[in-house]
Amino acid sequence: MSALVALFARELKLAARARTEWLMPPLFFVIVVTLFGFGVRPNDPQLAAFAPAILWVGALLAALLSLERLYRSDQEDGTLEQLLVSPTSLTFAVFIKSLAHWLLSGLPLVLLAAPLAAMLGFPSALLTPLVVGLALGTPCLSFIGGFVAALTVGLPRGGALLPVLVLPLIVPVVIFGAGAVRASGQGLDASAPLYFLAAILMFTLTVLPWLAAAALRNAFE
């Protein structure tokens with residue numbers, strides 16, 4: 001457990017040294033959403049209708065920016081090999097790295113969602129399912145992306161392949177996340193899509209770290 005805590009602290013220290021890299025996802029998120037606001041007529045009601053889709057797609061694209069470096073830098077400096085041969089569980093190490101990725105890149109997107117939605121004219125009564133959906137969905141992006149990053153870490157140009165593999169896998173997350181807001185806007189119960197999101201999150205938390213660890217071992221065999 002102390003080794004895992006040390007690994008988590010290491011991820012935070014590395015992020016503090018490379019602040020520009022971790023500031024890119026929230027900055028990109030803000031720019032994408034703001035450009036949609038500038039691209040339509042002032043006070044256009046259609047903008048508020050498309051706000052959930054804009055925020056979800058923006059969060060998805062922003063999360064992709066930092067996924068390539070999740071294991072690539074560890075492979076370059078030899079840290080990944082040390083994790084493979086250390087007595088610490090590689091599955092738990094992968095879990096810690098994906099969790100740190102979400103805290104650094106996904107959580108800021110969740111915190112920015114409400115003010116950006118208000119900027120798009122999104123009704124304040126629908127902010128709760130939007131923010132809850134993003135809070136459940138953005139960890140899925142980090143863990144799914146971490147699994148794909150582990151699959152492509154040994155490839156010479158894996159960064160170009162990463163978005164192609166990640167995007168189809170996160171389609172259900174986007175569907176249920178935006179569906180929760182749409183159901184709430186129609187006066188229906190939004191709990192069903194959120195429960196599906198929670199189920200997907202539980203699957204990614206329990207299964208994907210094990211699969212990512214197996215992919216990392218296979219990359220070094």
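All of the numbers you see were taken from the coordinates with simple rules; none came from a lab. Note that the structure is a prediction, hence the values are computed from the model and not measured. Cβ placement follows ideal geometry from the backbone for every residue including glycine, while neighbour counts extend to all protein chains displayed.
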If you take the charge dipole of region 2-220 about its Cα centre, with +1 on Lys and Arg Cβ and -1 on Asp and Glu Cβ, which of Leu99, Gly39, Gly177 is farthest toward its positive end?
-> Gly39
Using the Karplus equation 6.51 cos²θ - 1.76 cosθ + 1.60 (θ = phi - 60°), what ³J(HN,Hα) coupling, rounded to whole Hz, does each residue of region 142-149 give in order, writing x for Gly and Pro?
-> 5, 6, 5, x, x, 5, 5, 4
Amide H to amide H, which residues 5 or more places from Gly154 or on other chains are under 5 Å from it, using H placed in the peptide plane?
-> none
Helix 158-169 versus the longest principal axis of the chain: what is the Cα-based angle in degrees, 0 to 90, to the nearest 10?
-> 50 degrees
For the chain, what is the calculated [θ] at 222 nm in deg cm²/dmol (nearest 500), taking -39500 (n - 2.57) for each run of four or more DSSP H residues and dividing by its residue count?
-> -26000 deg cm²/dmol
In sequence order, calculated HN-Hα J values of region 82-90 (Karplus, 6.51, -1.76, 1.60; Hz; x Gly/Pro) = 5, 5, 5, 9, 6, x, 5, 4, 5
On Cα atoms only, tilt of 107-119 relative to the major axis of the chain in degrees = 10 degrees
Answer with one residue from Pro26, Thr204, Gly121: the one whose Cα lies farthest towards the positive end of the charge dipole of region 2-220, charges on Cβ with Lys, Arg +1 and Asp, Glu -1.
-> Pro26
Taking the Cα centre of the chain as origin, work out the dipole magnitude from +1 charges on Lys and Arg Cβ and -1 charges on Asp and Glu Cβ, in debye rounded to 20.
-> 180 debye
How many Å³ per residue does the convex hull of the Cα positions in region 119-195 occupy?
-> 97 Å³
Would you mind checking the tilt of helix 19-38 against the longest principal axis of the Cα atoms of the chain, expressed as 0 to 90 degrees and rounded to 10?
-> 20 degrees
Only Cα pairs under 8 Å and at least 6 apart count here; give the relative contact order of region 2-220 as a rounded whole percent.
-> 26 percent
If you plug each phi of region 204-218 into the Karplus form 6.51 cos²θ - 1.76 cosθ + 1.60 with θ = phi - 60°, what whole-Hz ³J(HN,Hα) values come out, in order, with x for Gly and Pro?
-> 5, 6, 9, 9, 5, x, 5, 5, 5, 5, 5, 5, 5, 4, 5
FRET E, pair Ala49, Val171, Förster distance 30 Å, beta-carbon r, rounded to 0.05 = 0.90
